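These notes concern the structure reproduced below.
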């Protein structure tokens, strides 16, 4: 714990970044929870609810890589400030929503929010390695993940309360305030944050986008991360799609039971994140990722298969809380390996490629899980997440180098950079 306080005390810009991340993520969850409830209350249609999910997911798949290009071209400190301001401004049309006839406004806002959030998350992921020493990356990534878990727990609770008290209008006002506070915190950062200076050459977005994809498959480390992201994205989509039916039809639980189980996941993530923040630096990122994924998968399999013995919901609550620890280890290891395997000038594009791959996997798997869940049953399909995590963890040990080279050695130069150096 003393090391954690020393780390925070010596990294003012990182403190501001993680604080802004917490405030901004809280706003995200307030919006997500409040609108999910309100869109169904306005329309009474599950198709409308599904359309809201797609409105947020499709831009991530289509524009993920392009967001990475801009994150590499623009000043990243300025990018995270401006995106938070725009996230707040883009919410204002929601004030005009009063009935099902204005549902299209909600979809438009969600799509726009998804695009802007991509810019923020991509620039933020590239900023962190420039703010902290490499040996502190596990601590920094874990602390950032913990901030998101606390924001999820806080924002989900506030979203339901806010929309219940004042409807979409109050939800909009509160959300705008969170983004304004986050932007103000980010504006206090002193350093440039390691973002790439704007290049003198004319923009070549398609070429730079293609460069990002090429870099993402150019090294053994990054290819392993891509495969890991693909497998776990499929499992996450299956779980997200079928968790509510699992609680309702398999555990015979109520809406309150479902809420308790999902809250346990957030609480477990907070505890796991704290432990990872304090002790995670003692372990190699490869071990955090591999062992974390395998244990996560085994716990998921226990969660989805224990109803074969008993239908009591309490094992689900306990297992969802416990799975927070390996989940925190996995995410800290994944982000640290990604950051140390990419050069600062290319990091945004590679991260964008990962976002695109993850979103495409989730989009396809969401549709497949809904169909297969009806044909094969809920348990066989939702258990794919546990099997997938175990497989992904084992692939980490089989494919990921024990000690990957430094970013500047592992990331190849781009063609125009090679030409410039030759001149």
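Conditions (1) modelled with pLDDT under 90; (2) buried (at least 21 other Cβ atoms within 10 Å of the Cβ); (3) in contact with a strand residue (DSSP E or B) (Cβ under 6 Å, 6 or more places away or on another chain); (4) not assigned by TED's automatic domain parsing to the domain that holds residue 234, marked per residue:
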{"residue": "296", "(1), (2), (3), (4)": "no, yes, no, no"}
{"residue": "325", "(1), (2), (3), (4)": "yes, yes, no, no"}
{"residue": "328", "(1), (2), (3), (4)": "yes, yes, no, no"}
{"residue": "349", "(1), (2), (3), (4)": "yes, yes, no, no"}
{"residue": "374", "(1), (2), (3), (4)": "yes, no, no, no"}
{"residue": "386", "(1), (2), (3), (4)": "no, yes, no, no"}
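Yes/no per residue for (1) surrounded by fewer than 23 Cβ atoms within 10 Å (Cβ to Cβ); (2) under 15 Å from residue 344 (Cα atoms); (3) at pLDDT 80 or above:
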site: 107; (1), (2), (3): yes, no, yes
site: 112; (1), (2), (3): yes, no, yes
site: 116; (1), (2), (3): yes, no, yes
site: 120; (1), (2), (3): no, no, yes
site: 127; (1), (2), (3): no, yes, no
site: 131; (1), (2), (3): yes, yes, yes
site: 142; (1), (2), (3): no, no, no
site: 146; (1), (2), (3): no, no, no
site: 152; (1), (2), (3): yes, no, no
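Counted as qualifying within segment 1-90 are the helices (runs of 4 or more DSSP H) with 1 or more residues that are surrounded by fewer than 18 Cβ atoms within 10 Å (Cβ to Cβ) and modelled with pLDDT under 65, namely 12-43, 46-73.
Suppose we filter segment 388-412 for residues that are at pLDDT 75 or above and not in a helix (DSSP H, G or I); how many remain? Going through segment 388-412 one residue at a time, the tally reaches 2.
The values are calculated or read from the model by the stated rules, or taken from the named source; none is laboratory data. Fair warning: this is a prediction, and the values are worked out from it, not measured in the lab. Every residue, glycine among them, receives a Cβ derived from its backbone with ideal geometry; neighbour counts consider all protein chains shown.
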